[in-house]
Structures are given as structure tokens and as C-alpha cells.
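Written out below as C-alpha cells is the structure these notes cover.
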Amino acid sequence: MYRHFLILITFLATFIISFGQIKQNNQAVIGMTVSNLPFKNIINSKMKSATLNDFSDKLIILDFWATWCGPCVEGLPHMEKLQREFKDKIQVLTITDENQGRIETFLKKRPLKLPVVIDTDREINDYFKHNAVPHYVIIDRNKIIKAITNAEFVDSTNIQKLLNNEPVDIPLKNDDLTFNSNQSLSTNQNNFIFQSVLTAYKEGAPSMSNINTQGTYANRRIFISNLDAPKIVEIAYNSEYTRVIREFKNKEKYDFKNKQNRYCYELIVPEDVADRKFLIMQQELTKIFDFQVSLEKRKTKVMLLKKIPGTKIKLQNSKSEKKESFIRYGEGITLVNQPIKDLCNFLENNFQKPVIDETSLLGGFDLDIKWRSEDKSNIKNELAKYGLTLEEGEREIEMLIIRD
């Protein structure tokens, strides 16, 4: 999962930070010198605070991450490995804008042998601006920014070259900070009655999808940026990725890592056909991408949400007049007068398997479920509070099959 900061900024070629402060209207760029960058709150380390000058003899790697970001968490062991390999020649500093309590809870289940800089005021994040994590910045011993890049380029070979003062060819992670998913792909910003646009990969834009629920295009606009063709078709069929099977003759043709296989798409329909927008999208894209799509019953490994046998706990229907749902990314979900289906959807997204409701519970319910992505076992204790349990199983369920 990625975070999008839709902020218009001014790029400056050079800038030196004043002692102890970051000037918010400026942005770091490759080749500039950074002086005395402050790290005000450091945990998981003997250091409680520091500045860049405290690492004057080391190559610095800044790893911007979040607990709710799967690729970020997967990349932390690699950063630990680099720190072990190069020892006191480098210093990896992981940086997050999540609060200290959340990070401390995470570290209890996923220990980390690297300092964690808590940046809730976003001074450091906003200086090294980006719209998606993970995000990496490499600063050499002379405090010159040598790279702003993606995880795959922060490797032993490039680190050793930088330590040897050798030239490196590290691609720039050039996030488009002006990207706004609420604006049309078309340069014309009129109030469209109907528009369908398909473009090639847009450099610097995040990989995402959005269905407008407010504003001029409420409930009649579907927006997608930098996703592969099969994923776009999944969205057209309003299908969860956990319930999709791709049967392709040449899988490399749809390799997500290849930017040429990704597209941006926008559909705006008139209000009187808003309820048919997905059908229109299906008809357009299956022809364009030459896919055959069908719904078929397949025996599949699933998770089963059930009542605990013999439990005395009875989940009561909500007495609230409100209907609300709050997802706390990486932390849990709170439901107010919502169906059990909403809980199943949340669990399915986190377990990345279909979740089948076998509770027979009807109506709206109030539930507060704590979810720690670093400790998936905690979900059973949370569900048990409501007399529920989650079990592995196998069921024949309807799957979306995409063929070329």
C-alpha cells in the first residue's frame, strides 16, 4: 500500500539548511549540500536525538517508511543487512511520520536493529519531499545528496562505489508532487458530461485508483494511474484481487515492473448512467486489451469467519442511528452499525485471501478490531471478544478469470 502527498512545490537547485532548522519552502535535490539536519526524536537507539553532523565520517542512508506499507516493511531487513555489511562506514536512519507509540508496538513484534527517527511534525519528510513510500535518500560523507531513489538501487555495489568516491548511475525516484487524482487526465478542465481517456505510464505519478464520491463528478468518475492492464480490468469488474485468477500465455507481457505495461485511465459518465459506469468500463477495456473475462466457480483456499462453538458471547445488533466505518491503516478498524461483510472485507484485504462469512449474523454491529500488521495472530484475540474466530479452509467460490 502507498501514501500520496498532493502538494504543489517549488524546486530549487541549491539550498543550505540553517543550523537546527529546515526551511519548509525548499526541497532537497541531488547534488546539493545539506548541513546539520536535525533528528529530534530517535528511538530504538542509544541516541535520543542527533544532527547530520554527528555522522560526519559516514555515508548516510535515509529510509522513509511506514508500518502500513508492505514494501517498506519488507525492505527493512535489507537495510539491516547493509548496516551489518558496512558497519561504521555507513549509517542507516529509518524515518517515519507515525507516532512513537505505534512504532514501539510494531517493534515489539518486528524487532529492528536500526535507529528510528520519529518525524510526526514532518520536518524531514517535507524537506525530502515524496508522494509514496518507501523512499530512499543517500548522503555522502561531505553531506552532499548523491541519490534519491527506489529500494532496488540501494545495494552493496552502489554503496561501495560511493564510499570509494566512484561515479554511480542510480536512477532518480522523481515523484510528481503536482499530481492530483482529482483533476482530469485531459488538459481541458471543463465539467465533462462524458469522457474516456487511456494514456501511457505517467512518470512520477503513484500507482492508484480512485472513484469520486464527492464534488462535480461524484459517483460518475473512475480514475486510475500507473496500473497494469489486468489490474485495471479487475477494477472494471469491481473485483477484489484476492478473487482473481490470471491465466495468461505470456506473463511477461503484463509484468508490473515494466513501465510500458502500465497505463492511466479515466472514465466520466453522465449522471443518468452513473450506475452503469463499471459496465461501460468493462466493455471498453476488454476490447482494448483483448481479454476474455468470465466468472467461474473454483475451489479456493480461504479464511472462514465463524462463531466460536459453544461461546456465551452474543454479538448484539447496534443501537446507533449512525452508520460509520473507520480503517486505521496497519492498526485496525472500527465499525458502527455496519454489516459483518465490512469486517470480512477488511480481513480479506489484510490476510490477502478470500474471507467467507459463516456467522449467519444479520444487521448492523459495533466492533472495534485492533490489527497489527506485524503480528497477525493478534486478530484471533480481538475477534474472540465478540465470540468470533477465523479459520483456514477451502471453499468453492466465484472467481474472476482473466485470459488473453
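The values are calculated or read from the model by the stated rules, or taken from the named source; none is laboratory data. Worth saying up front: this structure is predicted, and the values here are computed from it rather than measured. Here Cβ is always computed from backbone atoms with ideal geometry, including for glycine, and neighbour counts include all displayed protein chains. Accessible surface is based on the protein model in full, side chains and every heavy atom, while ligands, DNA and RNA are left aside. Shrake-Rupley method; radii C 1.70, N 1.55, O 1.52, S 1.80 Å.
Given the options Asp375, Asp140, Asp175, state which has the largest fluctuation in a GNM of the chain using a 10 Å cut-off (strictly under) for Cα springs.
Highest fluctuation among the options: Asp375.
With a 10 Å radius around each residue's Cβ, average the other Cβ atoms per peptide and rank 339-352, 297-310, highest first. If you can, show how the numbers build up before the last one.
Values: 339-352: 17.6, 297-310: 14.5.
So the order, starting with the most tightly packed, is 339-352, 297-310.
With no other cysteine's Cβ closer than 4.7 Å, which Cys residues of the chain count as lacking a disulfide-compatible partner?
Within the chain, the cysteines lacking a partner Cβ under 4.7 Å are Cys264, Cys344.
For the range 334-395 and the range 232-250, what is the separation of their C-alpha centers, rounded to whole Å?
About 24 Å separates the Cα centre of the range 334-395 from the one of the range 232-250.
Students often get this wrong, so try it: which of (1) 17.9; (2) 23.4; (3) 19.4 is mean projected area of the Cα convex hull in nm² as calculated from the structure shown?
Here the calculated entry is (2).
If all Cα-Cα distances of the range 111-254 are sorted into 10 Å bins from 0 onward, what percent lands in each bin, rounded to whole numbers?
Per 10 Å bin, starting at zero, the Cα-Cα P(r) for the range 111-254 comes out as 8, 26, 29, 24, 12, 2 percent.
D for the range 238-371, whole µm²/s, Stokes-Einstein with Kirkwood Rh over alpha-carbon pairs at 10 °C and 1.306 mPa s: what number?
Working: Rh = 18.6 Å.
Approximately 86 µm²/s, per Stokes-Einstein.
Could you list, in their original order, any pairs among Lys231/Lys319; Lys40/Lys380; Lys299/Lys341; Lys173/Lys231 whose Cα atoms are separated by more than 30 Å?
Details: Lys231/Lys319 39 Å; Lys40/Lys380 37 Å; Lys299/Lys341 21 Å; Lys173/Lys231 23 Å.
From the list (Lys231/Lys319; Lys40/Lys380; Lys299/Lys341; Lys173/Lys231), the Cα-Cα distance tops 30 Å for Lys231/Lys319; Lys40/Lys380.
Of Lys109/Lys306; Lys322/Lys385; Lys314/Lys353; Lys87/Lys370; Lys251/Lys323; Lys46/Lys257, which sit over 31 Å apart, Cα to Cα? Before the final figure, lay out each step's value.
Working: Lys109/Lys306 27 Å; Lys322/Lys385 22 Å; Lys314/Lys353 27 Å; Lys87/Lys370 37 Å; Lys251/Lys323 43 Å; Lys46/Lys257 39 Å.
Going by Cα-Cα distance, Lys87/Lys370; Lys251/Lys323; Lys46/Lys257 fall outside the 31 Å limit.
Pairs of Cα atoms under 8 Å, at least six residues apart: use those to get the relative contact order of the chain, whole percent. Can you show the working numbers first?
Numbers: 772 pairs, mean separation 56.2, N = 404.
14 percent.
Within 10 Å, count the other beta carbons around each residue, average over each peptide in 52-63, 147-158, and list them highest first.
Numbers: 52-63: 17.9, 147-158: 16.4.
For the peptides 52-63, 147-158, the packing ranking is 52-63, 147-158.
What span do the alpha-carbon atoms of the range 258-301 cover on each of the three principal axes, reported in whole Å from largest to smallest?
On the principal axes, the range 258-301 reaches 39, 30, 20 Å in Cα extent.
List the GluC sites (Glu not before Pro) in the range 182-258 that DSSP assigns to loop (not H, G, I, E or B) and whose Cβ has at most 15 other Cβ atoms within 10 Å. Which are they? Numbers along the way, then the final one.
On the way: sites: Glu203, Glu234, Glu240, Glu247, Glu252; in loops: Glu203, Glu240.
Hits after loop and neighbour filter: Glu203, Glu240.
Between Lys40 and Lys87, what FRET efficiency follows from the Cβ-Cβ distance if R0 is 30 Å, with the result rounded to 0.05? Walk me through the intermediate numbers first.
On the way: r = 26 Å, r/R0 = 0.87.
The formula returns an efficiency of 0.70 here.
Computed FRET efficiency, Cβ-Cβ of Asp176 and Leu112, R0 22 Å: what is it to the nearest 0.05? Present the calculation step by step, with values, prior to reporting the outcome.
Values: r = 31 Å, r/R0 = 1.40.
Efficiency computed from Cβ-Cβ geometry: 0.10.
So for the pair Lys376, Asp155, with labels modelled 7 Å out along Cα→Cβ, what separation do we get in nm?
A separation of 2.8 nm, rounded to one decimal place.
Can you pull the accessible area of Tyr241 for me, 1.4 Å probe, Å² to the nearest 10?
Rounded to the nearest 10, that gives 90 Å².
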